[in-house]
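**Student:** First the structure, then my questions, so here it is.
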Protein chains: 2
Amino acid sequence: MNSTKNFVQNENLSVGYVETQYYTFAKPPNELKLDSGEKLGPITLAYETYGKLNKNKTNAILLCHAFSGDAHVAGINKDDGSIGWWDAMVGPKKAFDTEKFFVICSNIIGGCKGSTGPSSLNPKTKKPYALDFPVITVKDIVNAQKCLIDYLEIEKLFSIAGGSMGGMQALQWVVSYPDMVRSVIPIATTLKHSPQQIAFNEVGRQAIMSDHNWNNGDYYGKTIPSKGLALARMIGHITYMSDISMKEKFGRKIKEKKQVFKFEPDFEVEGYLRYRGDSFVKRFDANSYLYITKAMDYFDLLGEKKLNEVFKNIKTKFLVIAFKSDWLYPLYQSHEIVKACKMADVDTTFCEIESTYGHDAFLLEVEEETHLIKHFLNKIYSEIEE
Amino acid sequence: MNSTKNFVQNENLSVGYVETQYYTFAKPPNELKLDSGEKLGPITLAYETYGKLNKNKTNAILLCHAFSGDAHVAGINKDDGSIGWWDAMVGPKKAFDTEKFFVICSNIIGGCKGSTGPSSLNPKTKKPYALDFPVITVKDIVNAQKCLIDYLEIEKLFSIAGGSMGGMQALQWVVSYPDMVRSVIPIATTLKHSPQQIAFNEVGRQAIMSDHNWNNGDYYGKTIPSKGLALARMIGHITYMSDISMKEKFGRKIKEKKQVFKFEPDFEVEGYLRYRGDSFVKRFDANSYLYITKAMDYFDLLGEKKLNEVFKNIKTKFLVIAFKSDWLYPLYQSHEIVKACKMADVDTTFCEIESTYGHDAFLLEVEEETHLIKHFLNKIYSEIEE
């Protein structure tokens, strides 16, 4: 099997140059009724597609991005030359083989990468929504995606896959539109956010809202709450890595000291976190941070239901993937998904990958994931194509 | 065995009303040469003692407090009525039995509970030190404590115990003054801070320094950086608990909604963290937060040494205690202490306590700790008293 490096370096294995497309709900309903009862519209979704939809429209795969992701999952962006966030997994002969499948990825609502979110213009005020943007849930995010899939005239998705919050969307799809999902691949995710997960998100939100430049969300065109947003991201980064991956990456290595100020970073890990925080500020909107983390925290597929009821009568086939060193979305949460499937007699494969990368593993363990996902997809695809 | 509740409720088991005392290094050297090469002085240490020092001065136990602790470890403070932070463990017939032992606890330098720290007056400027306070290390903290022990005319401590950063001090004592420590009880601690531990401390420091009221440390007599300090404490609290203890305490329970503002806390865990953050601001100094976390991050007893060299020729007897759900100071760090002891042929007992409380367990698992510590201390004490 090719290594990650080869996937990226070999041009023949890339989807090549891609352009982000935009779909705005143009005809009624040009607005979406949200979980909260509020309405949002018009809604634009930024999305990309790779490969070709076959005649019977049976080969479409939807990839759902995680918290800070976007629609650009593979290839090279025509405008800025950036490589897709899961390029190693999406392309000719890769895990999501674009010679065989039609792959779709859209930016979520509430985001800031081309889809309607708090930084978008509010048609009523002609100013950015800011905190006038309604509270959204993972269900709302999926309902908006469904409009895109309808627009693409796909009646049944061959598969939906995603890690972390992408996995929540995948699971929500199965519950909201069971007949539209032939197979699903939830990776490093959960049926519901735990108090610890909520707590980490809450301190991120507090970091942003404590920044006096946040100004109650009204900072567009003014100074942005960059310190708060960077801090939120620093906290996030600790949770995405593992104790051991930090040790492997940094140890207790001391940065070269050039400044005498006492609380400048001494250790490499400190400098790294500050760098990651600062670079995040350039590409992400603070209010989107608030709205999307809240959507994750509200996520609870179980609610008052018993575990055996969540996936009752579901025909979707599951491949559940989790990583041993992921302490943000620990193994037991994936076990719970599997248990819910098994109790409902749903066809489920579970794989626990030995990785030291922590939660980030879903983006990094390409070789293992490719092996699992390729086999899973090909097997089901061969069944329907017979 | 009595439960925690009984320890506190039964007045006969309390050391009663206590008063904090202050010792200022009065005669030369009235200053301390620090690890950094800088000098600090005069130094005042706030301390409390319980029980009576015996004639031979063989029954003194030093308790070292954790990050945000103080000298008031047991009994009821005469001035404010507050109960000591480890009252359940210190008193007549308790783990540290004050009918038998003379127990000492002092606030660390760099702190803000009566010992010299960044909020103390700088004798040179007659203003609070703020960032003119020198960088300190755990070794410096211990060297200052040693002046207090010398002043109390104790040549050899019967034992030193402490959890978390208290454990680091205890270990440092053994290395710095091996002949002064008959036995040691490091609890939920480490030989050196890991990159993950440094990272969590660093985001706490960033939270404080990002608060515009921090003002480069110069906020005394002005508006304090309360938002940043509260945020730092919130992050800390997540790391002190465990995933499971948060689940047991909060679940996904929703707070009663009284406000309509979108990012007010929905979940109990959010409200709890905000409460803990806000109440911390009333009792702790932001600059002390910076200095003490830095001292923890610098802590590395191993350095360039091999593991078998750390405790070479040490005669001190060890009781190492760790907690299964403590992910901030994980088990493997206590295993490393034990391994270092065993490799140096040091008399060592190790106990791993089954607890769901996370790092907080060292303050809460009173029954288990009492059992272990009482037995350990009595056995050694009976040997020397024979």
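The values are calculated or read from the model by the stated rules, or taken from the named source; none is laboratory data. All of these numbers come straight from a predicted model, not from anything done at the bench. Note that we place each Cβ from the backbone using ideal geometry, even for glycine, and neighbour counts take in every protein chain shown. Heavy atoms of the whole protein, side chains included, go into the accessibility calculation; ligands, DNA and RNA do not. Shrake-Rupley method; radii C 1.70, N 1.55, O 1.52, S 1.80 Å.
**Student:** Among B:Asp150, B:Asp132, which is out of contact with any His (no Cβ under 6 Å at 6 or more places or on another chain) and more than 21 Å from B:Tyr298 (Cβ to Cβ)?
**Tutor:** After applying the criteria, what remains is B:Asp150.
**Student:** Give the residues of region B:172-195 that are open to solvent by 10 Å² or more (accessible area, probe 1.4 Å), under 22 Å from B:Ser288 (Cα atoms) and assigned to a helix (DSSP H, G or I), sorted by residue number.
**Tutor:** B:Gln172, the sole residue that qualifies.
**Student:** Still on this structure: So for region B:287-306 (the condition being of a type outside the set (Val, Ile, Thr), modelled with pLDDT of 95 or more, more than 26 Å from A:Ser242 (Cα to Cα) and open to solvent by 10 Å² or more (accessible area, probe 1.4 Å)), does at least one residue qualify?
**Tutor:** no
**Student:** Right, something else. Can you tell me which condition A:Phe7 does not meet? The list is (1) open to solvent by less than 40 Å² (accessible area, probe 1.4 Å); (2) modelled with pLDDT of 95 or more, and all the others hold.
**Tutor:** The number of the failed condition is (2).
**Student:** Of everything in region A:220-235, what is among the aliphatic types (A, V, I, L, M) and either open to solvent by 30 Å² or more (accessible area, probe 1.4 Å) or more than 7 Å from chain B (Cβ to nearest Cβ) (or both)? Give them in sequence order.
**Tutor:** Filtering region A:220-235 down to residues among the aliphatic types (A, V, I, L, M) leaves A:224, A:229-232, A:234-235.
Within region A:220-235, A:Ile224, A:Leu229, A:Ala230, A:Ala232 qualify.
**Student:** Do we find a residue being among the charged types (D, E, K, R), within 14 Å of chain A (Cβ to nearest Cβ) and within 16 Å of B:Ala188 (Cβ to Cβ) anywhere in region B:336-348?
**Tutor:** Going residue by residue through region B:336-348, those that are among the charged types (D, E, K, R) are B:336, B:339, B:342, B:345, B:347.
Filter once more, so that each one left must be within 14 Å of chain A (Cβ to nearest Cβ): B:336.
Still in the list and also within 16 Å of B:Ala188 (Cβ to Cβ): B:336.
Yes - at least one qualifying residue is present in region B:336-348.
**Student:** Output the number of residues of region A:312-333 satisfying the condition of being more than 14 Å from chain B (Cβ to nearest Cβ) and not charged (D, E, K, R). If you could, list the steps in order and put the result at the bottom.
**Tutor:** The initial filter retains those residues of region A:312-333 that are more than 14 Å from chain B (Cβ to nearest Cβ), namely A:312-324.
Right, trim to not charged (D, E, K, R) and you get A:313-314, A:316, A:318-323.
So the count comes out to 9.
**Student:** Please list, ordered by first then second residue, the pairs with beta carbon atoms under 6 Å, 6 or more apart or interchain, first in region A:259-288 and more than 9 Å from every other protein chain (Cβ to nearest Cβ), second open to solvent by 40 Å² or more (accessible area, probe 1.4 Å).
**Tutor:** A:Gly271/A:Lys255; A:Val281/A:Ser226; A:Asp285/A:Ser119
**Student:** If you don't mind, another one. Considering region A:327-337 alone, what residues qualify as being in a helix (DSSP H, G or I) and either touching a Pro at 6+ places or on another chain (Cβ under 9 Å) or surrounded by 20 or more Cβ atoms within 10 Å (Cβ to Cβ) (or both)? I'd like the intermediate steps shown before the answer.
**Tutor:** To start, the set of residues in region A:327-337 that are in a helix (DSSP H, G or I) comprises A:331-337.
Of everything in region A:327-337, those that are in a helix (DSSP H, G or I) and either touching a Pro at 6+ places or on another chain (Cβ under 9 Å) or surrounded by 20 or more Cβ atoms within 10 Å (Cβ to Cβ) (or both) turn out to be A:Gln333, A:Ser334, A:Ile337.
**Student:** Being among the acidic types (Asp, Glu), assigned by TED's automatic domain parsing to the domain that holds A:Ile160, more than 22 Å from the chain's Cα centre (by Cα) and modelled with pLDDT of 95 or more is true for just one of A:Asp326, A:Asp347. Which residue is that?
**Tutor:** Values: A:Asp326 fails: more than 22 Å from the chain's Cα centre (by Cα).
Of the residues listed, the single one that is among the acidic types (Asp, Glu), assigned by TED's automatic domain parsing to the domain that holds A:Ile160, more than 22 Å from the chain's Cα centre (by Cα) and modelled with pLDDT of 95 or more is A:Asp347.
**Student:** Which of the residues belonging to region B:80-100 are buried (at least 21 other Cβ atoms within 10 Å of the Cβ) and within 15 Å of B:Gly162 (Cβ to Cβ)?
**Tutor:** Hits for region B:80-100 are B:Gly84, B:Trp86, B:Met89, B:Val90, B:Ala95, B:Phe96.
**Student:** Here is a list of conditions, (1) closer than 30 Å to A:Glu270 by Cβ; (2) in contact with a Ser or Thr (Cβ under 7 Å, 6 or more places away or on another chain); (3) free of Cβ contacts under 8 Å to residues at least 12 places away in the same chain, and B:Lys342 meets all of them except one; can you say which number that is?
**Tutor:** So the condition that B:Lys342 fails would be (1).
**Student:** Which condition breaks for A:Lys255 when tested against (1) touching a strand residue (DSSP E or B) at 6+ places or on another chain (Cβ under 8 Å); (2) closer than 19 Å to A:Ser164 by Cβ?
**Tutor:** All conditions are met except number (2).
Conditions tested, residue by residue: (1) outside any loop (DSSP other than H, G, I, E, B); (2) aromatic (Phe, Trp, Tyr); (3) under 19 Å from A:Val281 (Cα atoms); (4) under 23 Å from the mean Cα position of the chain (by Cα).
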{"site": "A:Leu45", "(1), (2), (3), (4)": "yes, no, no, yes"}
{"site": "A:Thr49", "(1), (2), (3), (4)": "yes, no, no, yes"}
{"site": "A:Asn56", "(1), (2), (3), (4)": "no, no, no, no"}
{"site": "A:Val73", "(1), (2), (3), (4)": "no, no, no, yes"}
{"site": "A:Trp85", "(1), (2), (3), (4)": "no, yes, yes, yes"}
{"site": "A:Glu99", "(1), (2), (3), (4)": "no, no, no, no"}
{"site": "A:Cys105", "(1), (2), (3), (4)": "yes, no, no, yes"}
{"site": "A:Lys113", "(1), (2), (3), (4)": "no, no, yes, yes"}
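Residue-wise test of (1) assigned to a loop (DSSP other than H, G, I, E, B); (2) hydroxyl-bearing (Ser, Thr, Tyr); (3) out of contact with any helix residue (DSSP H, G or I) (no Cβ under 8 Å at 6 or more places or on another chain).
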site: A:Pro265; (1), (2), (3): yes, no, no
site: A:Leu290; (1), (2), (3): no, no, no
site: A:Leu319; (1), (2), (3): no, no, no
site: A:Thr356; (1), (2), (3): yes, yes, no
site: A:His359; (1), (2), (3): no, no, no
site: A:Phe362; (1), (2), (3): no, no, no
site: A:Thr370; (1), (2), (3): no, yes, yes
site: A:Asn378; (1), (2), (3): no, no, yes
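**Student:** In region B:17-49, which residues are at pLDDT below 95 and of a type in the set (Gly, Ala, Ser)?
**Tutor:** Hits for region B:17-49 are B:Ala26, B:Ser36, B:Gly37, B:Gly41.
**Student:** Identify all residues within region A:117-160 that are in contact with an Asp or Glu (Cβ under 6 Å, 6 or more places away or on another chain), away from chain B (no Cβ under 14 Å) and assigned to a loop (DSSP other than H, G, I, E, B); write none if there are none.
**Tutor:** A:Ser119
**Student:** Any residue in region B:189-201 that's within 17 Å of A:Ala232 (Cα to Cα) and modelled with pLDDT of 95 or more: show its pairings with residues that are of a type outside the set (Ser, Thr, Tyr) and open to solvent by 10 Å² or more (accessible area, probe 1.4 Å) at Cβ separation under 6 Å, as long as the two are six or more apart or on different chains.
**Tutor:** B:Gln196/A:Asp243
**Student:** Follow-up question, since we're still on this one. Could you run through region A:185-212 and say how many residues are over 14 Å from B:Ala207 (Cβ atoms), touching a helix residue (DSSP H, G or I) at 6+ places or on another chain (Cβ under 7 Å) and more than 7 Å from chain B (Cβ to nearest Cβ)?
**Tutor:** Qualifying residue count, region A:185-212: 9.
**Student:** Now for a separate question. Among the residues that make up region A:305-314, is at least one of them in the same structural domain as A:Gly91 (by TED's automatic domain parsing), in contact with a Pro (Cβ under 7 Å, 6 or more places away or on another chain) and either assigned to a loop (DSSP other than H, G, I, E, B) or free of Cβ contacts under 8 Å to residues at least 60 places away in the same chain (or both)?
**Tutor:** Yes, there is a match, as at least one residue in region A:305-314 is in the same structural domain as A:Gly91 (by TED's automatic domain parsing), in contact with a Pro (Cβ under 7 Å, 6 or more places away or on another chain) and either assigned to a loop (DSSP other than H, G, I, E, B) or free of Cβ contacts under 8 Å to residues at least 60 places away in the same chain (or both).
**Student:** Any residue in region A:316-326 that is open to solvent by 30 Å² or more (accessible area, probe 1.4 Å) and touching a strand residue (DSSP E or B) at 6+ places or on another chain (Cβ under 9 Å)? Spell out the reasoning first.
**Tutor:** Step one: of region A:316-326, the residues open to solvent by 30 Å² or more (accessible area, probe 1.4 Å) are A:317, A:324.
Next cut, touching a strand residue (DSSP E or B) at 6+ places or on another chain (Cβ under 9 Å) only: A:317, A:324.
Yes.
**Student:** Any residue at all in region B:236-251 that's within 12 Å of chain A (Cβ to nearest Cβ), touching a residue at least 60 places away in the same chain (Cβ under 8 Å), in a loop (DSSP other than H, G, I, E, B) and more than 25 Å from B:Ala144 (Cβ to Cβ)?
**Tutor:** Yes.
**Student:** Criterion first (free of Cβ contacts under 8 Å to residues at least 40 places away in the same chain, closer than 27 Å to B:Ser176 by Cβ, open to solvent by 10 Å² or more (accessible area, probe 1.4 Å) and not aliphatic (A, V, I, L, M)) does B:Asp132 satisfy it?
**Tutor:** On the way: free of Cβ contacts under 8 Å to residues at least 40 places away in the same chain: yes; closer than 27 Å to B:Ser176 by Cβ: yes; open to solvent by 10 Å² or more (accessible area, probe 1.4 Å): yes; not aliphatic (A, V, I, L, M): yes.
It is true that B:Asp132 is free of Cβ contacts under 8 Å to residues at least 40 places away in the same chain, closer than 27 Å to B:Ser176 by Cβ, open to solvent by 10 Å² or more (accessible area, probe 1.4 Å) and not aliphatic (A, V, I, L, M).
**Student:** A further question on this structure: Test B:Asn201 against the stated conditions and say whether it is in a loop (DSSP other than H, G, I, E, B), open to solvent by 10 Å² or more (accessible area, probe 1.4 Å) and either among the aromatic types (Phe, Trp, Tyr) or not assigned by TED's automatic domain parsing to the domain that holds B:Val366 (or both).
**Tutor:** Details: in a loop (DSSP other than H, G, I, E, B): no; open to solvent by 10 Å² or more (accessible area, probe 1.4 Å): yes; either among the aromatic types (Phe, Trp, Tyr) or not assigned by TED's automatic domain parsing to the domain that holds B:Val366 (or both): yes.
So B:Asn201 fails the test.
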